[in-house]
Amino acid sequence: MSPRHIPDPNHASCRAVAGVLARVGDKWTVLLVALLSNGPMRFNAMKRAVNGISQRMLTLTLRGLERDGLVTRTVFPTIPPRVDYELTPLGATLIDTLGAIGAWAQTNGGAIEAARIAFDLKNAPGKKALLPAAGMPAPPAPKSPSRARVA
């Protein structure tokens, strides 16, 4: 078996890949690309559709996607102005890729959770494993301070 090539993290191609993965691997990017895969949307419609995203984070994510050529922003000269966001042809190429990653995550999520529990049990002796959110035990009640008797 031939040895695997270990990439240099300082090489320009590695830095380029890291930058792209940072953009497309962001949780908000994944959700917004999925939303926009159905067609153009207005800002407030996206904000309502993505539970938990702040106005600032939505703005920053959309600007980043626009800067990277993945989304276009179209302003319509109406009163009040209407702004639509839409995937570019480059952005549309992410739909299948992100769908495949999502399918992989759903297929393998149980195995990953089991590995996490096994890791926690092995590496935290005397402590309970970090259980999945749905099965998390309640934290222990705080101990009351001992009271010394005054004679």
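The values are calculated or read from the model by the stated rules, or taken from the named source; none is laboratory data. Everything quoted here is computed from the prediction, not taken from an experiment. Counting neighbours? That spans all protein chains shown, and the Cβs are built from the backbone with ideal geometry, glycine included. Side chains are part of the model used for accessible areas, which takes the heavy atoms of the whole protein and leaves out ligands, DNA and RNA. Shrake-Rupley method; radii C 1.70, N 1.55, O 1.52, S 1.80 Å.
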Subject >> Among 86-96, 105-115, 4-14, the order from most to least packed when residues are scored by Cβ within 10 Å on average >> reply: 86-96, 105-115, 4-14
Original post:
Quick one: if the Förster radius is 25 Å, what FRET efficiency do residue 101 and residue 68 give, using the C-beta to C-beta distance and rounding to 0.05?
Top reply: 0.90
Original post:
Taking θ as phi - 60°, what are the ³J(HN,Hα) couplings along the stretch 87-99 by the Karplus curve (6.51, -1.76, 1.60), each to the nearest whole Hz, with x for Gly and Pro?
Top reply: 5, 7, x, 5, x, 5, 5, 7, 4, 5, 4, 5, x
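Roughly speaking, to the nearest percent, how much of the stretch 48-94's 1.4 Å accessible area is carbon and sulfur?
Carbon and sulfur: 55 percent of the exposed surface of the stretch 48-94.
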Original post:
Taking θ as phi - 60°, what are the ³J(HN,Hα) couplings along the stretch 43-52 by the Karplus curve (6.51, -1.76, 1.60), each to the nearest whole Hz, with x for Gly and Pro?
Top reply: 3, 5, 5, 5, 4, 5, 7, 9, 5, x
